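All remarks here apply to the structure that follows.
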Amino acid sequence: MEMSCPICNEVGCNDCDEGIIRIKECPLDYIGYDACKYVKMVELIDKGMLPVSGGVLEQSHKFISIAEFVWACEVRATERQNSRKKRK
Ligand SMILES: [Zn+2]
């Protein structure tokens with residue numbers, strides 16, 4: 001798995017390889033499952049789903065997984081669009 005370096009914003013620094021961080025182990029080994037749940041909750045709050053009555057805390061795991069899948073598809077579609085624009 002690769003991710004953009006949040007420290008140098010893909011410029012390149014001592015903590016990355018030319019702006020890219022390569023993760024070879026499961027990220028959950030670093031942060032633990034509980035932290036992962038909170039990260040997911042923050043992502044959902046960013047998207048307007050608040051952890052209030054009727055909000056994130058009462059949504060089923062299945063619904064949240066589906067929402068994440070849809071958002072990932074949106075990101076991929078945006079990336080494809082942007083790469084097509086760059087080629088023109
Ligand atoms: Zn860096």
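A few remarks follow.
- Note on the stretch 3-49: residues that are among the small types (Gly, Ala, Ser) and on the phi > 0 side of the Ramachandran plot amount to 4.
- Test: residue in the stretch 20-35 that is among the hydroxyl-bearing types (Ser, Thr, Tyr), under 23 Å from Met3 (Cβ atoms) and modelled with pLDDT under 75: yes
- Single match in Val56, Val52 (criterion: modelled with pLDDT under 75 and either surrounded by 13 or more Cβ atoms within 10 Å (Cβ to Cβ) or within 16 Å of the ligand (Cβ to nearest atom) (or both)): Val56
- Of all residues in the stretch 2-37, those satisfying the criterion of being within 16 Å of the ligand (Cβ to nearest atom), closer than 26 Å to Ile64 by Cα and either in contact (Cβ under 8 Å) with a residue 12 or more places away in the chain or among the acidic types (Asp, Glu) (or both) are Glu2, Met3, Ser4, Ile23.
The values are calculated or read from the model by the stated rules, or taken from the named source; none is laboratory data. From a predicted model like this one, the values you see are computed outputs, not experimental measurements. Using ideal geometry, Cβ is built from the backbone for each residue, glycine included, and neighbour counts are taken over all protein chains shown.
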